[in-house]
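Notes follow once the structure below has been shown.
Values in this text are rule-based calculations from the coordinates and carry no lab data. What you are looking at is a predicted structure, and each value in this text was computed from that prediction instead of being measured. Reconstructed Cβ throughout: ideal geometry from the backbone, glycine too, with neighbour counts over all protein chains shown.
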Amino acid sequence: MTIEYVWRGTFGNDEFHVLHAEAFETRIFDDDWVSLTERHSLGWVTANDDGQLVGFVNVIWDGLVHAWIQDVMVARSHRGKGIATQLVAIARAGGGLLKPEKVFSPAAS
């Protein structure tokens with residue numbers, strides 16, 4: 001297993017919906033998450049294993065100075081391997097754009 005982590009990585013709506021439904025134990029939605037994240041997020045991190053989306057975290061912001069981490073998701077099949085920890089670490093760094101102390105993360109506080 002080699003996980004590839006990418007700040008503002010590409011993902012498809014269908015694979016996102018499956019991961020989201022599994023992570024939050026809910027139904028599969030049909031929203032356009034690709035457009036929503038591009039429009040409303042400072043960034044996000046994808047985790048892929050052999051081309052399959054197995055993790056995701058979103059960095060929401062107010063458009064000014066505040067950013068926070070939301071929707072940390074890891075596929076059931078990949079849990080317990082440190083993927084969420086790595087997703088949050090990369091999100092906190094903001095792809096090199098942010099100072100880590102400026103992003104609120106409950107796990108880091």
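Can you give the calculated 222 nm mean residue ellipticity of the chain, where each DSSP H run of n ≥ 4 adds -39,500 (n - 2.57) and the sum is split over every residue, rounded to the nearest 500 deg cm²/dmol? Mean residue ellipticity, 222 nm, calculated: -8500 deg cm²/dmol.
Against the chain, whose longest principal axis comes from its Cα atoms, helix 83-93 is set at around 30 degrees. Inter-label distance, residue 35 to residue 60: 2.0 nm, where each label sits 7 Å from its Cα along the C-beta direction.
Using DSSP to call loops (not H, G, I, E or B), can you name the chymotrypsin sites (Phe, Trp or Tyr not before Pro) in the range 1-90 whose Cβ has at most 16 other Cβ atoms within 10 angstrom? Sparse-neighbourhood loop chymotrypsin sites (Phe, Trp or Tyr not before Pro): 29. Would you list the P(r) distribution for the chain, with all Cα-Cα distances sorted into 10 Å bins from 0 and each bin expressed as a whole %? Histogramming the chain at 10 Å steps yields 15, 50, 32, 4 percent. Between 0 and 90 degrees, the angle of helix 13-24 with respect to the longest Cα principal axis of the chain falls at about 80 degrees.
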